[in-house]
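Colleague: Have a look at this one.
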Amino acid sequence: MTHDQLHQRLRAALGETAVLTDPDDVAPYTSDWTGAFTGTASAVVRPADTEGVAAAVRLCAEAGVGIVPQGGNTGLVGGGVPDGSGEQVVLSLGRMRRIRTVDPIADTITVEAGVPLQAVQEAATASDRLFPLSLGSEGSCTIGGTIATNAGGTAVLRYGMMRDLVLGLEVVLPDGRVWDGLRPLRKDNTGYDLKQLFIGSEGTLGIVTAAVLRLMPPTPRRATAFLALDSVDAATALLPVLRQHGGGQLTTYELLGRQALDLVLTHQPGSRDPFGEPHAWYALVEIAGSTDDVEARLEAALGEAVEADLVGDAVIAGGPAQRSALWRLREDISEAQKSEGVSIKHDVTLPIDDLARFVTEMRPRLEELLPGVRPVTYGHVGDGNLHYNLSAPVGDDAALRAAAADLTRAVYETVTALGGSISAEHGLGALKRAAAARYKSDVEVDLMRMVKQALDPTGLMNPGKVLPTAG
Ligand code: FAD
Ligand code: MLT
Ligand code: ZN
C-alpha cells in the first residue's frame, strides 16, 4: 500500500479533518520541545475516540507503517516525534480530551489520554480532591504522555510517580485490539499487573487512550520556603530534618544551584533574587496539608536547620503571590536554560548520599573536557534526582555540540559507578536508547526486547525509541 492509499483509507475511516498531510499542518508535530529532534511524517492522524485510534492502528499495521504516539509534545528525550524517513505516522491524542467521571466513593477520576495534566488537577480541585502529579509542563503535557513516560515532577517525594497514581488503563494494542483495563480496583492480584507494562513504555507497546487515576485529600494549607544553602551536603543533611518535622506532609524538596537561578533571573521577566547576596545553592521546600500547623512545622524544621548550620538564609512565603514567585524561580529553569542557547540534558538519579560527591567530582572532569562548560544543576533532591544540564561555554554552542558525546559519557559513567540511573523521570526516547544498551545489564536489555517482541512483533509502535538496537 502506498502512503497516499493509506491516507485515503485513514480519511475514510476517521474523517477528512482527522488526517493532516499539508507540510504546514504537520510541522508542529515533527519537532520536539528542546529543538534537538526534528523529523518528517507521512501524516498526522488525530482520532476523536478510542475506536478511531484502533482503526488508525489497524490501517497502519496493514500498511506496515510505524506509528509515533504523541500527546502534548513536551517530552525531553525525542520520544514523541518521528524520525527523518518520512515513513512514520504521528498519532496525536490531542482530540481525546474528555474527563469521563469523577467518582467520590472510589476516589478516582477517569480521563481520556489527551486531557492536559492541569485540566485533571483542576477537575480534582473542583470536586474538593487533589490530583498530585505536578510538572513545569502541566499546562501542555497530557495524561497519556505522563503515563507513557511515567512522569515525576515536584511532588514525587510524597505521592510517588505517575506509576503510583494509575489504577486502570485502556490501551490500543499494536494489532488494533482494545485492552479494557479501565478498572478502579485498589486490589487485583490476577497475575501480571499488565497496566504497569504500558506505564513508562513511551509508546513502544501500545497507545494509552484512557486511564483511571487515584485522587488524594486536598492540601489547601501550604507553607513554602526558599532557602540559601552552602553545599549539596547541607541539602541532603536537611532532608531528614524536613521529613521529621513535616510529619508526612513534606511534599516538595527541590534543589537549585546558583547557575540555575542566574539563568532564571536573566531570562524570566519579573523574577527577583529573594536574597540580598548570592549563595552557592538554594532549595524550595513545601509542606502542605489541610490544617493550620503546616507553617509551624516548616518553622520548626528551619529552626533546627539553622541551629545545625545547614541553612544560610531563608524566606517563607507570606501569601499566594510570594509563593507563586518562589515557585517560578524553580519551575522556570528549563525555559530559561532554553533561552540561554544550546544545552545537553542529563536527568539522573543517584543514591541521595552521593549527590554531593557526584557534583564535586563532575565539575573538574567536565571542565577538562570542555573549558567553560556551565553545569546548570537542579532537580528533585528529595528523590535523589538531579537535572545536570550542561549549557555551552558563553557564546560557543559549537564547542558544546562537538564535545557532547564525551561530556555525556563522563556524566553517565560517574552516575553508573555510583549506582545511579541515567534516566530518572524523562525516559529513554530516542536520546538515550543507545546509552541504555551500554548502562543497563544484558539481562535487562534482553528482557526488554522479549517484552517488545511479545507485544509488538512487527515493531511498528514508536520505532527507534527506547529499545537499544540489536548488537
Ligand atoms: P509527549 O511529549 O507527546 O510524548 C512523550 C512520550 O510518550 C513519547 O514517547 C510518546 O510517543 C509517548 N506517548 C504520548 N502519549 C501517549 C499515549 N497516549 N500512549 C502511548 N504513548 C504516548 N517530566 C518529568 O517527569 N518531570 C518534570 O518535572 C518535568 N518537567 C518538565 C518541564 C518542562 C518545562 C518541560 C517542557 C518538560 C518537562 N517534563 C518533565 C517532561 C514532559 O513534560 C513529560 O515527559 C510528560 O510526561 C510528557 O507528556 P506529553 O503529553 O507532552 O507527551
Ligand atoms: C524539571 O524538573 O524542571 C525538568 O524535568 C527538567 C528539565 O527540563 O531538564
Ligand atoms: Zn524534573
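Colleague: As I understand it, the value is the acute angle between the Cα axis of helix 50-63 and the longest principal axis of the Cα atoms of the chain; what does it come to in degrees, rounded to 10?
Modeller: 60 degrees
Colleague: Follow-up question, since we're still on this one. Please report, to one decimal in angstroms, the Kirkwood hydrodynamic radius of the chain built from all distinct Cα-Cα pairs.
Modeller: Every distinct Cα pair counted, the radius reaches 23.2 Å.
Colleague: What FRET efficiency comes out for residue 368 versus residue 196 if R0 is 41 angstrom and r is the Cβ-Cβ distance? Round to the nearest 0.05.
Modeller: 0.45
Colleague: Let me ask something else. Where the centre of each part is set by its Cα atoms, how far does region 34-94 sit from region 392-445, in angstrom?
Modeller: 26 Å
Colleague: Let me ask something additional. For Cα pairs less than 8 Å apart in space and 6+ apart in sequence, what is the mean separation divided by the residue count of the chain, i.e. the relative contact order in percent?
Modeller: 15 percent
Colleague: Once you place label points 7 Å from the Cα toward the Cβ at residue 127 and residue 405, how far apart are they in nm?
Modeller: Using points 7 Å along Cα→Cβ, the separation is 5.1 nm.
Colleague: How do the peptides 328-341, 420-433, 439-452 rank, highest first, by the average count of neighbouring beta carbon atoms within 10 Å per residue?
Modeller: With the highest mean Cβ count within 10 Å placed first, the list reads 420-433, 328-341, 439-452.
Colleague: Students often get this wrong, so check it: of 195/345; 345/440; 187/432; 195/432, which have C-alpha atoms separated by over 26 Å?
Modeller: In this structure, 195/345; 187/432 exceed 26 Å between Cα atoms.
Colleague: Related question: May I ask you to derive the FRET efficiency for residue 4 and residue 186 from their Cβ-Cβ distance with R0 = 41 Å, giving the value to the nearest 0.05?
Modeller: Efficiency computed from Cβ-Cβ geometry: 0.25.
Colleague: Let me ask you something else. So what J values fall out for region 298-303 if you push phi through Karplus, 6.51 cos²θ - 1.76 cosθ + 1.60 with θ = phi - 60°, rounded to Hz, Gly and Pro as x?
Modeller: My calculation for region 298-303 gives 5, 5, 5, 5, 5, x Hz in order.
Colleague: Another question about this same structure. Could you please rank 226, 37, placing first whichever residue has the fewest other Cβ atoms within 10 Å of its Cβ?
Modeller: Exposure proxy ranking, most exposed first: 37, 226.
Colleague: A follow-up question, please. Antiparallel versus total DSSP beta bridges in the chain: what percent is that, nearest 5? Could the numbers behind the result be given before it?
Modeller: Details: 59 of 68 bridges.
Of the beta bridges lying entirely in the chain, close to 85 percent run antiparallel.
Colleague: How large is log10 I(q)/I(0) at q = 0.17, 0.21 Å⁻¹ when the Debye formula is applied to the Cα atoms of region 14-130, each weighted equally and without solvent?
Modeller: For region 14-130, the Cα-only Debye profile gives -0.85, -1.10.
Colleague: Please compute the net charge surrounding residue 392, taking Lys and Arg as +1 and Asp and Glu as -1 over other residues with Cβ under 11 Å from its Cβ.
Modeller: -1
Colleague: Do the sum for the chain: with -39,500 (n - 2.57) for every DSSP H run of n ≥ 4, divided by all residues, what is the mean residue ellipticity at 222 nm, to the nearest 500 deg cm²/dmol?
Modeller: -11000 deg cm²/dmol
Colleague: Return the Rg/Rh ratio of region 154-300 with Cα-based radii and a Kirkwood Rh.
Modeller: Working: Rg = 20.5 Å, Rh = 18.5 Å.
Result: Rg/Rh = 1.10.
No value in this document is a laboratory result; all are computed from the given coordinates. Since the model is a prediction, treat every value here as computed from it, not as a measurement. FYI the Cβ positions are ideal-geometry reconstructions off the backbone, even for glycines, and counts take in every protein chain you see.
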